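Accompanying notes for the structure given below.
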Amino acid sequence: MTASRLPEGRRRVEVHDVTPALFDDLISVCSRDRPGDPVHAEGARIKREWLTEVTRACGPIAKLAYLDGKPAAQLMFYPEDAGPRTPGRRDVLVLYCVFTGASEDRQKGLASSLLRSFLEEVRTGKLKTMAGRRIRFIRAPLFETGEGLSMAEMYQRYGFERGPQGAAEMFREVQGAYEPPPRSRPAPPAGDRRRGQLLPIGRSLVFYTPHCQWSYVFADHMAKAIRELSPQHEVLFVDAWRDPAAGDWPGAQAVVDGIPVYAHATEGDGFRREVAAILGKA
Ligand SMILES: CC(C)(COP(=O)(O)OP(=O)(O)OC[C@H]1O[C@@H](n2cnc3c(N)ncnc32)[C@H](O)[C@@H]1OP(=O)(O)O)[C@@H](O)C(=O)NCCC(=O)NCCS
(Lines give C-alpha, C1' and ligand atoms only; values in the text may rest on other atoms or scores of the structure.)
Protein backbone atom coordinates (compact mmCIF):
# COMPACT_ATOMS: atom_id res chain seq x y z
CA MET A 1 0.00 0.00 0.00
CA THR A 2 1.37 3.41 -0.92
CA ALA A 3 -1.17 5.83 0.57
CA SER A 4 -4.15 5.99 2.84
CA ARG A 5 -6.53 8.70 3.95
CA LEU A 6 -10.06 9.32 5.24
CA PRO A 7 -11.65 11.84 2.85
CA GLU A 8 -15.22 11.58 4.12
CA GLY A 9 -15.27 10.93 7.80
CA ARG A 10 -15.24 7.17 8.19
CA ARG A 11 -14.73 6.11 4.53
CA ARG A 12 -11.40 4.41 4.00
CA VAL A 13 -9.34 5.00 0.82
CA GLU A 14 -6.24 2.93 0.11
CA VAL A 15 -3.98 3.18 -2.92
CA HIS A 16 -2.10 0.08 -4.05
CA ASP A 17 0.41 -0.59 -6.82
CA VAL A 18 -1.09 -3.27 -9.07
CA THR A 19 0.81 -6.55 -8.82
CA PRO A 20 -0.45 -9.73 -10.61
CA ALA A 21 -2.50 -10.63 -7.50
CA LEU A 22 -4.58 -7.49 -8.12
CA PHE A 23 -5.14 -7.84 -11.90
CA ASP A 24 -8.73 -9.07 -11.44
CA ASP A 25 -9.50 -6.14 -9.14
CA LEU A 26 -8.04 -3.76 -11.71
CA ILE A 27 -10.11 -5.22 -14.53
CA SER A 28 -13.26 -5.17 -12.37
CA VAL A 29 -13.18 -1.35 -12.06
CA CYS A 30 -13.97 -0.97 -15.79
CA SER A 31 -16.10 -4.11 -16.17
CA ARG A 32 -19.15 -3.46 -14.06
CA ASP A 33 -22.45 -4.92 -15.35
CA ARG A 34 -20.90 -7.28 -17.92
CA PRO A 35 -21.46 -10.80 -16.48
CA GLY A 36 -21.68 -13.52 -19.10
CA ASP A 37 -20.73 -11.42 -22.16
CA PRO A 38 -18.20 -13.61 -24.04
CA VAL A 39 -16.83 -10.74 -26.16
CA HIS A 40 -16.17 -8.66 -23.07
CA ALA A 41 -14.64 -11.72 -21.36
CA GLU A 42 -12.26 -12.09 -24.32
CA GLY A 43 -11.34 -8.39 -23.98
CA ALA A 44 -10.60 -9.01 -20.29
CA ARG A 45 -8.49 -12.08 -21.12
CA ILE A 46 -6.46 -10.06 -23.62
CA LYS A 47 -5.96 -7.29 -21.07
CA ARG A 48 -4.81 -9.77 -18.37
CA GLU A 49 -2.27 -11.23 -20.78
CA TRP A 50 -1.00 -7.74 -21.67
CA LEU A 51 -0.80 -6.70 -17.99
CA THR A 52 1.18 -9.85 -17.23
CA GLU A 53 3.64 -9.22 -20.06
CA VAL A 54 4.23 -5.51 -19.39
CA THR A 55 4.27 -5.81 -15.59
CA ARG A 56 6.86 -8.57 -15.86
CA ALA A 57 9.04 -6.33 -18.02
CA CYS A 58 8.48 -2.96 -16.31
CA GLY A 59 7.10 -3.52 -12.79
CA PRO A 60 3.66 -2.20 -11.76
CA ILE A 61 1.94 -0.16 -14.49
CA ALA A 62 -1.24 0.70 -12.62
CA LYS A 63 -2.52 1.96 -9.29
CA LEU A 64 -5.81 0.99 -7.70
CA ALA A 65 -7.85 2.94 -5.18
CA TYR A 66 -9.97 0.86 -2.80
CA LEU A 67 -12.94 2.46 -1.10
CA ASP A 68 -13.77 0.65 2.13
CA GLY A 69 -11.95 -2.41 0.77
CA LYS A 70 -13.64 -2.41 -2.68
CA PRO A 71 -11.60 -1.74 -5.87
CA ALA A 72 -13.19 1.48 -7.11
CA ALA A 73 -10.79 3.58 -9.22
CA GLN A 74 -7.74 2.94 -11.35
CA LEU A 75 -4.89 4.76 -13.06
CA MET A 76 -2.68 3.17 -15.74
CA PHE A 77 0.72 4.23 -17.06
CA TYR A 78 3.80 2.79 -18.77
CA PRO A 79 7.11 3.87 -20.27
CA GLU A 80 6.60 5.00 -23.86
CA ASP A 81 9.23 2.51 -25.04
CA ALA A 82 7.46 -0.47 -23.39
CA GLY A 83 5.64 -1.42 -26.59
CA PRO A 84 7.18 -3.81 -29.10
CA ARG A 85 5.88 -1.94 -32.18
CA THR A 86 6.60 1.78 -31.86
CA PRO A 87 10.15 3.03 -31.33
CA GLY A 88 9.07 4.83 -28.10
CA ARG A 89 11.18 7.37 -26.26
CA ARG A 90 13.12 6.06 -23.27
CA ASP A 91 12.53 9.09 -21.06
CA VAL A 92 8.81 9.62 -21.71
CA LEU A 93 6.10 8.27 -19.42
CA VAL A 94 2.58 7.64 -20.78
CA LEU A 95 -0.33 8.22 -18.41
CA TYR A 96 -2.86 6.04 -20.22
CA CYS A 97 -6.08 6.62 -18.25
CA VAL A 98 -7.77 7.38 -14.98
CA PHE A 99 -11.25 6.11 -14.18
CA THR A 100 -13.55 5.83 -11.19
CA GLY A 101 -15.94 2.98 -12.01
CA ALA A 102 -19.25 3.63 -10.24
CA SER A 103 -21.03 6.98 -10.25
CA GLU A 104 -21.71 6.62 -6.51
CA ASP A 105 -17.95 6.36 -5.87
CA ARG A 106 -17.12 9.58 -7.72
CA GLN A 107 -16.25 12.87 -6.04
CA LYS A 108 -14.93 11.04 -2.99
CA GLY A 109 -11.30 11.82 -3.66
CA LEU A 110 -10.36 8.48 -5.26
CA ALA A 111 -8.90 9.71 -8.56
CA SER A 112 -7.14 12.53 -6.70
CA SER A 113 -5.51 9.98 -4.37
CA LEU A 114 -4.28 8.02 -7.38
CA LEU A 115 -2.92 11.04 -9.23
CA ARG A 116 -1.24 12.44 -6.13
CA SER A 117 0.44 9.10 -5.40
CA PHE A 118 1.55 8.76 -9.04
CA LEU A 119 2.87 12.33 -9.36
CA GLU A 120 4.67 12.17 -6.02
CA GLU A 121 6.51 9.02 -7.12
CA VAL A 122 7.37 10.67 -10.45
CA ARG A 123 8.66 13.77 -8.62
CA THR A 124 10.79 11.83 -6.17
CA GLY A 125 12.08 9.32 -8.76
CA LYS A 126 10.36 6.44 -6.90
CA LEU A 127 8.06 5.22 -9.66
CA LYS A 128 9.22 1.61 -10.01
CA THR A 129 8.26 1.45 -13.69
CA MET A 130 10.80 4.16 -14.54
CA ALA A 131 13.35 3.16 -11.91
CA GLY A 132 16.70 4.74 -12.55
CA ARG A 133 15.54 6.66 -15.60
CA ARG A 134 15.25 10.38 -16.10
CA ILE A 135 11.63 11.34 -16.88
CA ARG A 136 11.51 14.16 -19.41
CA PHE A 137 7.71 14.55 -19.38
CA ILE A 138 4.44 12.68 -18.95
CA ARG A 139 2.10 12.51 -21.91
CA ALA A 140 -1.56 11.64 -21.45
CA PRO A 141 -3.64 10.60 -24.49
CA LEU A 142 -7.23 11.87 -24.36
CA PHE A 143 -10.30 9.72 -24.90
CA GLU A 144 -13.55 9.85 -22.99
CA THR A 145 -16.36 7.61 -21.82
CA GLY A 146 -18.69 10.58 -21.41
CA GLU A 147 -19.11 9.65 -17.74
CA GLY A 148 -18.26 11.81 -14.73
CA LEU A 149 -15.60 14.46 -15.18
CA SER A 150 -13.56 14.23 -18.41
CA MET A 151 -9.95 13.06 -18.18
CA ALA A 152 -8.91 16.41 -19.69
CA GLU A 153 -10.58 18.35 -16.86
CA MET A 154 -9.10 15.99 -14.28
CA TYR A 155 -5.57 16.24 -15.69
CA GLN A 156 -5.83 20.03 -15.94
CA ARG A 157 -6.43 20.15 -12.18
CA TYR A 158 -3.07 18.41 -11.75
CA GLY A 159 -0.97 20.72 -13.88
CA PHE A 160 -1.27 19.05 -17.27
CA GLU A 161 -1.39 21.27 -20.36
CA ARG A 162 -2.94 20.68 -23.76
CA GLY A 163 -0.66 19.32 -26.49
CA PRO A 164 -0.65 20.91 -29.93
CA GLN A 165 -3.84 20.86 -31.98
CA GLY A 166 -4.42 17.46 -33.50
CA ALA A 167 -2.22 15.60 -30.97
CA ALA A 168 -5.23 14.62 -28.76
CA GLU A 169 -3.09 14.51 -25.66
CA MET A 170 -2.04 16.52 -22.61
CA PHE A 171 1.38 16.68 -21.04
CA ARG A 172 3.18 17.61 -17.86
CA GLU A 173 6.88 18.40 -17.98
CA VAL A 174 9.07 16.76 -15.32
CA GLN A 175 12.80 17.10 -16.04
CA GLY A 176 12.68 18.28 -19.63
CA ALA A 177 10.65 19.87 -22.38
CA TYR A 178 7.53 18.38 -23.98
CA GLU A 179 7.73 17.14 -27.53
CA PRO A 180 4.66 15.78 -29.38
CA PRO A 181 4.88 12.21 -30.66
CA PRO A 182 5.97 11.73 -34.26
CA ARG A 183 2.78 11.88 -36.39
CA SER A 184 3.37 8.66 -38.26
CA ARG A 185 6.09 6.23 -39.07
CA PRO A 186 7.48 6.12 -42.61
CA ALA A 187 5.39 4.25 -45.18
CA PRO A 188 6.47 0.63 -45.63
CA PRO A 189 8.39 -0.28 -48.76
CA ALA A 190 6.20 -0.76 -51.84
CA GLY A 191 7.06 -4.44 -52.08
CA ASP A 192 6.12 -5.17 -48.44
CA ARG A 193 4.62 -8.69 -48.74
CA ARG A 194 2.64 -8.57 -45.53
CA ARG A 195 0.98 -5.24 -46.43
CA GLY A 196 -0.03 -6.72 -49.78
CA GLN A 197 -1.54 -9.72 -48.00
CA LEU A 198 -3.50 -7.55 -45.58
CA LEU A 199 -5.06 -5.14 -48.06
CA PRO A 200 -6.92 -6.91 -50.85
CA ILE A 201 -10.47 -5.86 -51.70
CA GLY A 202 -12.87 -7.86 -49.56
CA ARG A 203 -10.65 -7.76 -46.50
CA SER A 204 -10.87 -5.39 -43.51
CA LEU A 205 -8.76 -4.78 -40.46
CA VAL A 206 -10.26 -3.64 -37.14
CA PHE A 207 -7.83 -2.35 -34.52
CA TYR A 208 -7.99 -2.85 -30.77
CA THR A 209 -5.57 -2.12 -27.98
CA PRO A 210 -5.00 -4.70 -25.24
CA HIS A 211 -4.81 -1.94 -22.59
CA CYS A 212 -8.58 -1.84 -22.23
CA GLN A 213 -11.15 -4.65 -22.33
CA TRP A 214 -13.63 -2.30 -24.01
CA SER A 215 -11.36 -1.77 -26.96
CA TYR A 216 -11.89 -5.39 -28.04
CA VAL A 217 -15.66 -4.97 -27.57
CA PHE A 218 -15.58 -1.90 -29.85
CA ALA A 219 -13.50 -3.82 -32.43
CA ASP A 220 -16.20 -6.50 -32.36
CA HIS A 221 -18.89 -3.82 -32.98
CA MET A 222 -16.86 -2.60 -35.97
CA ALA A 223 -16.45 -6.12 -37.35
CA LYS A 224 -20.22 -6.72 -37.06
CA ALA A 225 -21.02 -3.41 -38.80
CA ILE A 226 -18.69 -4.31 -41.69
CA ARG A 227 -20.13 -7.81 -42.01
CA GLU A 228 -23.69 -6.45 -41.97
CA LEU A 229 -22.86 -4.20 -44.90
CA SER A 230 -20.79 -6.82 -46.72
CA PRO A 231 -21.39 -10.37 -45.43
CA GLN A 232 -18.57 -11.85 -47.53
CA HIS A 233 -15.95 -9.47 -46.12
CA GLU A 234 -13.11 -11.10 -44.24
CA VAL A 235 -12.39 -9.12 -41.04
CA LEU A 236 -9.08 -9.43 -39.21
CA PHE A 237 -8.70 -8.24 -35.61
CA VAL A 238 -5.36 -6.40 -35.26
CA ASP A 239 -3.66 -5.81 -31.89
CA ALA A 240 -2.49 -2.19 -32.25
CA TRP A 241 0.09 -2.64 -29.46
CA ARG A 242 1.93 -5.55 -31.02
CA ASP A 243 1.14 -5.65 -34.73
CA PRO A 244 3.17 -3.49 -37.11
CA ALA A 245 0.16 -3.29 -39.46
CA ALA A 246 -1.46 -0.75 -37.09
CA GLY A 247 1.45 1.66 -37.51
CA ASP A 248 0.63 2.15 -41.21
CA TRP A 249 -2.67 3.90 -40.42
CA PRO A 250 -2.14 6.22 -37.43
CA GLY A 251 -5.44 7.24 -35.84
CA ALA A 252 -7.53 4.82 -37.91
CA GLN A 253 -10.05 2.56 -36.14
CA ALA A 254 -10.29 0.18 -39.07
CA VAL A 255 -9.21 -0.28 -42.68
CA VAL A 256 -11.73 -1.42 -45.29
CA ASP A 257 -10.48 -2.45 -48.74
CA GLY A 258 -7.26 -0.55 -47.99
CA ILE A 259 -9.04 2.68 -46.97
CA PRO A 260 -8.75 3.89 -43.34
CA VAL A 261 -11.89 4.55 -41.26
CA TYR A 262 -11.49 7.14 -38.50
CA ALA A 263 -14.93 7.31 -36.83
CA HIS A 264 -15.06 5.41 -33.54
CA ALA A 265 -17.56 2.60 -33.06
CA THR A 266 -19.24 4.55 -30.25
CA GLU A 267 -19.73 7.75 -32.29
CA GLY A 268 -23.36 7.23 -33.25
CA ASP A 269 -23.68 6.08 -36.85
CA GLY A 270 -20.38 7.60 -38.01
CA PHE A 271 -18.44 4.36 -38.35
CA ARG A 272 -21.17 2.66 -40.35
CA ARG A 273 -21.52 5.67 -42.65
CA GLU A 274 -17.78 5.79 -43.42
CA VAL A 275 -17.72 2.07 -44.18
CA ALA A 276 -20.86 2.28 -46.34
CA ALA A 277 -19.26 5.09 -48.36
CA ILE A 278 -16.13 2.97 -48.97
CA LEU A 279 -18.24 -0.01 -50.03
CA GLY A 280 -20.41 2.15 -52.29
CA LYS A 281 -23.48 1.40 -50.18
CA ALA A 282 -24.03 4.90 -48.76
C1 LIG B 1 -12.35 12.04 -13.84
C2 LIG B 1 -12.69 11.00 -12.78
C3 LIG B 1 -11.63 9.88 -12.85
C4 LIG B 1 -12.64 11.69 -11.41
O5 LIG B 1 -12.80 10.67 -10.45
P6 LIG B 1 -13.22 10.99 -8.95
O7 LIG B 1 -12.84 9.79 -8.14
O8 LIG B 1 -14.61 11.42 -8.90
O9 LIG B 1 -12.26 12.22 -8.63
P10 LIG B 1 -12.10 13.01 -7.27
O11 LIG B 1 -13.21 12.67 -6.32
O12 LIG B 1 -10.71 12.80 -6.79
O13 LIG B 1 -12.31 14.51 -7.74
C14 LIG B 1 -11.24 15.29 -8.23
C15 LIG B 1 -11.70 16.73 -8.29
O16 LIG B 1 -12.60 16.90 -9.38
C17 LIG B 1 -13.86 17.35 -8.89
N18 LIG B 1 -14.90 16.63 -9.63
C19 LIG B 1 -14.99 15.30 -9.80
N20 LIG B 1 -16.07 15.01 -10.56
C21 LIG B 1 -16.65 16.19 -10.86
C22 LIG B 1 -17.78 16.55 -11.62
N23 LIG B 1 -18.56 15.60 -12.21
N24 LIG B 1 -18.09 17.86 -11.76
C25 LIG B 1 -17.30 18.80 -11.18
N26 LIG B 1 -16.20 18.52 -10.44
C27 LIG B 1 -15.88 17.23 -10.28
C28 LIG B 1 -13.89 16.98 -7.42
O29 LIG B 1 -14.76 17.82 -6.71
C30 LIG B 1 -12.45 17.18 -7.05
O31 LIG B 1 -12.21 18.57 -6.88
P32 LIG B 1 -11.14 19.13 -5.79
O33 LIG B 1 -9.80 18.62 -6.23
O34 LIG B 1 -11.30 20.60 -5.90
O35 LIG B 1 -11.58 18.53 -4.49
C36 LIG B 1 -14.10 10.38 -12.97
O37 LIG B 1 -15.07 11.41 -13.06
C38 LIG B 1 -14.19 9.54 -14.23
O39 LIG B 1 -13.93 8.35 -14.18
N40 LIG B 1 -14.55 10.17 -15.34
C41 LIG B 1 -14.48 9.49 -16.64
C42 LIG B 1 -13.05 9.60 -17.16
C43 LIG B 1 -12.84 8.80 -18.40
O44 LIG B 1 -13.60 8.88 -19.36
N45 LIG B 1 -11.79 7.98 -18.36
C46 LIG B 1 -11.49 7.07 -19.45
C47 LIG B 1 -11.96 5.77 -19.03
S48 LIG B 1 -11.18 4.44 -19.73
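The values are calculated or read from the model by the stated rules, or taken from the named source; none is laboratory data. Please read these numbers as outputs of a predicted model, since none were measured by experiment. Cβ sites come from the backbone with ideal geometry, for glycine too, and all protein chains shown count toward neighbours.
All conditions in (1) buried (at least 22 other Cβ atoms within 10 Å of the Cβ); (2) out of contact with any Pro (no Cβ under 8 Å at 6 or more places or on another chain) hold for LEU93, with the sole exception of (2).
Any idea which of GLU49, GLU121, GLU104 is touching a Leu at 6+ places or on another chain (Cβ under 8 Å) and part of a helix (DSSP H, G or I)?
Values: GLU49 fails: touching a Leu at 6+ places or on another chain (Cβ under 8 Å); GLU104 fails: touching a Leu at 6+ places or on another chain (Cβ under 8 Å).
Answer to the check: GLU121.
Please verify whether VAL98 is in contact with a helix residue (DSSP H, G or I) (Cβ under 9 Å, 6 or more places away or on another chain) and in a helix (DSSP H, G or I), treating the condition exactly as stated. It is false that VAL98 is in contact with a helix residue (DSSP H, G or I) (Cβ under 9 Å, 6 or more places away or on another chain) and in a helix (DSSP H, G or I). So, in segment 124-157, how many residues would count as being of a type outside the set (Val, Ile, Thr) and outside any helix (DSSP H, G or I)? The number of residues fulfilling the criteria is 20.
Residue count for segment 207-227 satisfying the condition of being in a helix (DSSP H, G or I) and either over 18 Å from PRO260 (Cα atoms) or in contact with a Pro (Cβ under 9 Å, 6 or more places away or on another chain) (or both): 4. Listed by first and then second residue, the pairs linking a residue in segment 51-67 that is surrounded by fewer than 19 Cβ atoms within 10 Å (Cβ to Cβ) to a residue that is not in a strand (DSSP E or B), with Cβ atoms under 8 Å apart and 6 or more places separating them unless they lie on different chains, are THR52/PRO20; THR52/PHE23; ALA57/ALA82; CYS58/ALA82; CYS58/THR129; GLY59/LYS128; GLY59/THR129; GLY59/ALA131. Residues in segment 130-156 that are touching a helix residue (DSSP H, G or I) at 6+ places or on another chain (Cβ under 8 Å), more than 18 Å from GLY101 (Cβ to Cβ) and among the charged types (D, E, K, R): ARG139 alone.
For segment 167-177, what are the residues that are touching a Lys or Arg at 6+ places or on another chain (Cβ under 9 Å) and either free of Cβ contacts under 8 Å to residues at least 12 places away in the same chain or hydrophobic (A, V, I, L, M, F, W, C) (or both)?
Answer for segment 167-177, where residues must be touching a Lys or Arg at 6+ places or on another chain (Cβ under 9 Å) and either free of Cβ contacts under 8 Å to residues at least 12 places away in the same chain or hydrophobic (A, V, I, L, M, F, W, C) (or both): ALA167, MET170, PHE171, VAL174, ALA177.
Tally up the residues in segment 88-103 that are in contact (Cβ under 8 Å) with a residue 40 or more places away in the chain and either over 18 Å from the mean Cα position of the chain (by Cα) or more than 12 Å from the ligand (Cβ to nearest atom) (or both), please.
The first filter runs over segment 88-103 and keeps only residues in contact (Cβ under 8 Å) with a residue 40 or more places away in the chain, leaving 89-103.
Restricting the remaining residues to those that are either over 18 Å from the mean Cα position of the chain (by Cα) or more than 12 Å from the ligand (Cβ to nearest atom) (or both) gives 89-94, 102-103.
Of the residues in that region, 8 qualify.
Quick check: is even one residue across segment 72-84 farther than 28 Å from GLY176 by Cα and either modelled with pLDDT of 95 or more or out of contact with any Ser or Thr (no Cβ under 6 Å at 6 or more places or on another chain) (or both)? Please lay out each step first, then the result.
First, the residues of segment 72-84 that are farther than 28 Å from GLY176 by Cα: 72-73.
Subsequent filtering for residues that are either modelled with pLDDT of 95 or more or out of contact with any Ser or Thr (no Cβ under 6 Å at 6 or more places or on another chain) (or both) retains 72-73.
Yes, segment 72-84 has at least one match.
Can ALA252 be described as modelled with pLDDT under 95, in contact with a helix residue (DSSP H, G or I) (Cβ under 7 Å, 6 or more places away or on another chain) and under 20 Å from PRO141 (Cβ atoms)? No, not satisfied. Among the listed residues ALA41, ALA111, ALA57, identify the single one that is under 20 Å from THR145 (Cα atoms), away from the ligand (no atom under 16 Å from the Cβ), outside any strand (DSSP E or B) and of a type outside the set (Asp, Glu). Answer to the check: ALA41.
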